[in-house]
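Everything below concerns the one structure shown next.
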Amino acid sequence: MPDRQEPVKIILVTGYLGAGKTTLLNHILANDRNLRAAIIVNDIGEVNIDESLIREGGFSQADSIIPLTNGCICCTLADDLAEQLGGIADTGDFDYIVIEASGICEPMPIAYTISEFCIDSSEAAAPLALDNIVTVVDCARMIDEFDGGKRLFAEDLEEDDVESLLVEQIEFCSTIILNKTDLITEEQLGEVKAIVRSLQKDAVMIEAQRGDVPLEELLDTGRFDFDAVFESATWLDILTQAMQESESPEDLEHDHEHDHDHDHDHEHEHVHGHGHHHHGDDELEYGFSSFVYDRRAPFDLDKFAEFAGAWPDSIIRTKGMVWVSEQPDVCYLLEQAGTQRSFIDNGPFVASLPADEQARVLEENPGILNRWDEKCGDRQILLVFIGRNMDRADIEARLDACLVG
């Protein structure tokens, strides 16, 4: 095994179907810097179309382009991905590994798989490091999908996962390529930037045409840190601020439902305190805004279901904890992106635990007491809403009508 001082840097490229990921990869491969880069391309179908397109671009070295087909590297092909990463690194032939994820992959579980493997490889002769997660955004499509929120609910959408995937790919990345800027106006480009920043507060944004991006913005950037990227989602920043106002460090954990019918039993979401603050009713450009709905009373589940059945189309993103009267001991996690909504059992409220277990949890997490209510304990509804041209008063009034007591 070769003796290597520097780790092999990994770049993960995500983005929805047709955003321009393969074109971006071809630009990387066409560089004149003699980069030693291996490419892993993932396609859900049996035939890897993206691999064929890369080879047609003139890059046909069999050992440097590795197809992972008929599955998704964020779940069913996770073990195959780890095996390929180890094999590439151990050859000593490459300085970079560029992974093109399928257009319907969520980036967080892929990053988790890679990060865990990188840790395991840290003592090896060929260590690995996840350096950058790049999300390619089709600006023209973004205008269509987020046109005042209306396109998110259009009946003619062929894939009901589109809006959810777009949101998740933007929320979990370190670099965003605003591609196809030549297909929209300057005003529309400003709107796209506002959309992105309403969902993602920290990632570096780069404008591009036909995937032509300076290599220094893609390779060897040192931008990726799992916790920092996780915390860069705007909804989490807003929720953290709301919880910090009562100095609550309590974690939110759940097994996240996969938007294309797979489960991830390894995904761990948590709320950390950090230095960025967004206050409720934060107004952004182009009518984008956010607010926190915070109540110490439970929802009537049937009434809340009625509200959900007529979900305001001005809301792009919602996430947070829900308390319902029918199961008062259970903390539920609500997640919404466009038309996609999930309502997941997030475990019991601390107030519902037996006295001895409750005492233990509170001793280990004393900050919970800072938001402890004499009547409700830690039971509450705490939801972040992000949207465009939202009528906050109307949304809150409709939600309040769902409350019990």
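The values are calculated or read from the model by the stated rules, or taken from the named source; none is laboratory data. These numbers were taken from a predicted model, which means no experiment stands behind them. Because the Cβ atoms are built from the backbone with ideal geometry, glycine has one as well, and the counts that use them run over all protein chains shown. With ligands, DNA and RNA removed, areas are computed over all heavy atoms of the protein, side chains included. Shrake-Rupley method; radii C 1.70, N 1.55, O 1.52, S 1.80 Å.
Overview of values
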item: Residues (loosely packed, with under 14 Cβ neighbours inside 10 Å and either under 19 Å from GLN169 (Cβ atoms) or in contact with a Cys (Cβ under 7 Å, 6 or more places away or on another chain) (or both)) located in segment 204-228; result: ASP225, ASP227, ALA228
item: Selection from segment 381-397 of residues that are part of a helix (DSSP H, G or I) and surrounded by fewer than 17 Cβ atoms within 10 Å (Cβ to Cβ); result: ARG392, ALA393, ASP394, GLU396, ALA397
item: Per-region count, segment 210-231, residues in a loop (DSSP other than H, G, I, E, B) and within 29 Å of ARG33 (Cβ to Cβ); result: 13
item: Restricting segment 309-355 to residues that are in a strand (DSSP E or B) and hydroxyl-bearing (Ser, Thr, Tyr), the residue that is least open to solvent (accessible area, probe 1.4 Å); result: THR318
item: Any hit, segment 372-380, residues being open to solvent by less than 30 Å² (accessible area, probe 1.4 Å), outside any helix (DSSP H, G or I) and of a type in the set (D, E, K, R); result: yes
item: Enumeration of residues in segment 350-375 that are over 17 Å from MET243 (Cβ atoms) and not small (Gly, Ala, Ser); result: LEU353, PRO354, ASP356, GLU357, GLN358, ARG360, GLU363, GLU364, GLU374, LYS375
item: Residue in segment 45-62 that is modelled with pLDDT of 50 or more and either surrounded by 14 or more Cβ atoms within 10 Å (Cβ to Cβ) or in a helix (DSSP H, G or I) (or both) present; result: no
item: Segment 355-390, residues that are closer than 30 Å to MET142 by Cα and either out of contact with any helix residue (DSSP H, G or I) (no Cβ under 9 Å at 6 or more places or on another chain) or β-branched (Val, Ile, Thr) (or both); result: VAL384, ILE386
item: Complete set of residues in segment 1-40 that are more than 16 Å from ASP220 (Cβ to Cβ), open to solvent by 20 Å² or more (accessible area, probe 1.4 Å) and either modelled with pLDDT of 85 or more or not in a helix (DSSP H, G or I) (or both); result: MET1, PRO2, ASP3, LEU17, GLY18, THR23, ALA30, ASP32
item: Selection count where residues are open to solvent by 70 Å² or more (accessible area, probe 1.4 Å), modelled with pLDDT of 90 or more and within 30 Å of the chain's Cα centre (by Cα), scope segment 356-371; result: 1
item: Qualifying positions in segment 296-308 - part of a loop (DSSP other than H, G, I, E, B) and open to solvent by less than 70 Å² (accessible area, probe 1.4 Å); result: ALA297, PRO298, ASP300
item: Members of segment 231-247 found to be open to solvent by less than 10 Å² (accessible area, probe 1.4 Å) and at pLDDT 90 or above, listed by number; result: SER232, ALA233, THR234
